[in-house]
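*Asks:* For reference, the structure I am asking about is given below.
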Amino acid sequence: MMHRLPDVFSKNRSEESKEDNWADFVVPPFLNDLGIKSQSKAIVIIGGRGCGKTTLLRYFCHATQFSPRRPVLPEDDLAHIGLYWRADTNFLNSFVGGEQTPETWRAAFEHLLACELGKEIIRSLRSLNCNPERQTRFGQLDDLDLSVVCDFDETLGSTLTEVEKSLQRSRTGLAMWVNNLDTCRKPIFLPADTFLRALTDALKQQLPYLADSTFAIFIDEYENLRDEQQCFINGLLKHGSPPLLYNIAMKRNGWQTKQTIGPESIQEISDYRVVDLEEGLADDFDLFAAELLFFRLAEHEPELLDKLPIVPDQLRSVEHIDQRYKNHNYKISVIAAAEKLLPRVGEHAAAQEILADLKLREKLVSKIRDALQKRHTALDPARFIDDRFPETSILMPALISRPREDPDELLAEFDAMRNGAENRLSVNGSLVQNNLFGCVNAIYIDAQRNSILFSGFTALTLIARGNIRHLLELIHRIFKDYEPTESGILPVVPPHIQANAIRDSSESILSTVNGHGTHGPRLFALAQCLGSIFRERHRSDRQSETEINHFTIAGGEMSERIQKYLLEAEKWSVLFLARETKMKSTGAISSDYILNPIFSPFFQISFRKKRSMQVTALQLLQMLEGDQRSRDTLVKELGRQESGEGEHGDLFGGLAS
């Protein structure tokens, strides 16, 4: 192979790639539904960190849409010209104080936008005229007279090149002034929207091919702007109109304010339309993830192309979306191929593995023996295990531990099932189906072995939960741990290698939570404490409520501080919010908070949304702000609450916090 497989999946951030992603962009199923190229008002794109916001914005912007790698450029693609700008957080956070008035800093921010977006408009023309064929077809850049911009600043010049260079000098001059407020003369500040409209009007009047064009500005990472800067951008969103429209992309809960600099605020529907990327990909993420997996392989390992279930050019094509996502046979074949490359071990196969593995079998016997001793019976643990019925055998420690079960009657029922009788212990019965995953996982946890259930492509998509960056990181780590020995063939990664790699990747991603904004350390403590509580619940002897991995808040005052933490946790995708969940104990409707399943392999807890537990507002605050000792106490209190079993501390207290 020309590339090491880990390197194929190592780039998982859009910032690591070029602005032109025409050849690298896998068209998602929802692209035609976005309506971006036909927009008439502002669009607000929201989604968690790593869900593909920046990649999507860059796809719609000029570097990609006018890419020289694009074989054909239809005339109507000039109707929507995308311009990309991402806020420089460090620079913009310095736009305050220094004995300057708020009005001065607002004018400086406007000037920055005018310089950056003015240059971006000019760059879009250069992208459009990127080769001789395009220059012949469009061109006329050297004939432009842009002297109209001299009405704002007479030093800007009148040719395209002069204006471009002048805007860069003005941008540099702004930075010098910000850093040397006491010694540098204040620049002439350009009014952003007025200047940009004057520039685009001049271009549209002199370049016939731009006569019907709308310039759409995409401001990325809006949540990083200061409040007063958001207010200014909000005004642009509200009052934008063709040929100059403004759009933003941000993490969930990225609004600090919806006020404008005037008395108005912006409102959804009337002023902007929301596009939720995670919702758009939720139903088809498994297929999209499989396509992305094979697309990366095809691009970097062309000798594998004839062995792959995809055609790369079709994945780049908007015209082929329906052929991909409305073709059931195609979906089945692509996902099946991904499962072949990354095979899984399900609960039933895992039960067989437990009986076949000496250490795991000993752990099962030990758990049965302990359960029998607690029930004060001298029955032989071996009588509750049968290699012909591994699934039922795995359930025995939990069933014996349940007070309503009589061990002697349970054994008699097991013997009857082994002799051919159909009863509730039968492999296909609901008892086994509902409890097997949790019981299998509990044995792996107690054996201090990475659970084999965390393997397989489908498990990978559930763990990544719509997050492209996490998906690629998981695959990268898997192939880092497994290097194929033969070239020219598709590898098949053993499940145990996958499970170990996925666990390591999960730990690495969890460690980054500390750096998630101002409240990063609090969010890390929350994830750490919740994961430890859920892990203890997964170790429950009775397994009467298996796979608890999310929570509702029941009781206590939801203070403004707690609400702020929860919004931040959702913003940084530490928690996901699922509304309209019926609480079993009260019948009330409440909100469910789901710990991001990307953390589940580290804590060895279920990545499937199954059961919920309740916590009080005070307990939640303790998770966020308490010290390690208080969190240990909370883990003991909530982690073994189901049955009052033996207490265990926070097994992950050693992580840096």
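The values are calculated or read from the model by the stated rules, or taken from the named source; none is laboratory data. Note that the structure is a prediction, hence the values are computed from the model and not measured. Here the Cβ positions follow ideal geometry from the backbone for every residue, glycine too, while neighbour counts run over all protein chains shown. For accessibility, only protein heavy atoms count, side chains too; no ligands or nucleic acids. Shrake-Rupley method; radii C 1.70, N 1.55, O 1.52, S 1.80 Å.
*Asks:* Can you pull out every residue in segment 285-308 that is modelled with pLDDT of 95 or more and open to solvent by 40 Å² or more (accessible area, probe 1.4 Å)?
*Replies:* D286
*Asks:* Okay, next question. What about F232, is it farther than 25 Å from F576 by Cα, part of a strand (DSSP E or B) and at pLDDT 95 or above? Reasoning before the result, please.
*Replies:* On the way: farther than 25 Å from F576 by Cα: yes; part of a strand (DSSP E or B): no; at pLDDT 95 or above: yes.
No; evaluated as a whole, the condition is false for this residue.
*Asks:* Test N441 against the criterion of being under 27 Å from S506 (Cβ atoms) and out of contact with any Leu (no Cβ under 9 Å at 6 or more places or on another chain), and give yes or no.
*Replies:* Details: under 27 Å from S506 (Cβ atoms): yes; out of contact with any Leu (no Cβ under 9 Å at 6 or more places or on another chain): no.
Taking the combined requirement at face value, the residue does not satisfy it.
*Asks:* On to the next question. Being surrounded by fewer than 15 Cβ atoms within 10 Å (Cβ to Cβ) and not in a strand (DSSP E or B), is that true of even one residue in segment 594-606?
*Replies:* For segment 594-606, residues surrounded by fewer than 15 Cβ atoms within 10 Å (Cβ to Cβ) and not in a strand (DSSP E or B): absent.
*Asks:* Only one of Q140, Q135 is open to solvent by 40 Å² or more (accessible area, probe 1.4 Å) and at positive phi; which?
*Replies:* Details: Q135 fails: at positive phi.
Among Q140, Q135, only Q140 is open to solvent by 40 Å² or more (accessible area, probe 1.4 Å) and at positive phi.
*Asks:* Which numbered condition trips up P343, out of (1) outside any helix (DSSP H, G or I); (2) at pLDDT below 95?
*Replies:* It is condition (2) that P343 fails.
*Asks:* Sticking with this one: In segment 81-115, what residues are over 25 Å from H62 (Cα atoms) and part of a loop (DSSP other than H, G, I, E, B)?
*Replies:* N93, S94, F95, V96, G97, G98, E99, Q100, T101
*Asks:* Does T89 satisfy being at negative phi, at pLDDT below 95 and of a type in the set (S, T, Y)? Break it down into steps so the answer makes sense when it comes.
*Replies:* Working: at negative phi: yes; at pLDDT below 95: yes; of a type in the set (S, T, Y): yes.
For T89, the condition - at negative phi, at pLDDT below 95 and of a type in the set (S, T, Y) - is met.
*Asks:* Kindly indicate whether any position in segment 179-188 is modelled with pLDDT of 95 or more and of a type in the set (D, E).
*Replies:* no
*Asks:* So is K363 at pLDDT 95 or above, among the basic types (K, R), closer than 16 Å to S540 by Cβ and open to solvent by less than 50 Å² (accessible area, probe 1.4 Å) or not?
*Replies:* Working: at pLDDT 95 or above: yes; among the basic types (K, R): yes; closer than 16 Å to S540 by Cβ: yes; open to solvent by less than 50 Å² (accessible area, probe 1.4 Å): no.
Judged against the criteria, K363 is not a match.
*Asks:* Let me ask something else. Among (1) of a type in the set (D, E); (2) over 15 Å from G346 (Cα atoms); (3) assigned to a helix (DSSP H, G or I), there is one condition E391 misses while meeting the rest; what is its number?
*Replies:* So E391 meets the others, but not (2).
*Asks:* Related question: Run down L117, L112, L78 and say which single residue is crowded, with 18+ Cβ neighbours inside 10 Å, in contact (Cβ under 8 Å) with a residue 12 or more places away in the chain, touching a helix residue (DSSP H, G or I) at 6+ places or on another chain (Cβ under 9 Å) and within 21 Å of L181 (Cβ to Cβ). Steps first, please.
*Replies:* Working: L117 fails: within 21 Å of L181 (Cβ to Cβ); L78 fails: within 21 Å of L181 (Cβ to Cβ).
Within the list L117, L112, L78, the selection yields L112.
*Asks:* On the basis of being open to solvent by less than 70 Å² (accessible area, probe 1.4 Å), at pLDDT below 90 and not β-branched (V, I, T), does H320 make the cut? Please lay out each step first, then the result.
*Replies:* Values: open to solvent by less than 70 Å² (accessible area, probe 1.4 Å): yes; at pLDDT below 90: no; not β-branched (V, I, T): yes.
In short, no.
*Asks:* What residue, of A416, A336, A398, is in contact (Cβ under 8 Å) with a residue 40 or more places away in the chain, of a type in the set (G, A, S) and part of a helix (DSSP H, G or I)? Break it down into steps so the answer makes sense when it comes.
*Replies:* Numbers: A416 fails: in contact (Cβ under 8 Å) with a residue 40 or more places away in the chain; A336 fails: in contact (Cβ under 8 Å) with a residue 40 or more places away in the chain.
That would be A398, the only listed residue that is in contact (Cβ under 8 Å) with a residue 40 or more places away in the chain, of a type in the set (G, A, S) and part of a helix (DSSP H, G or I).
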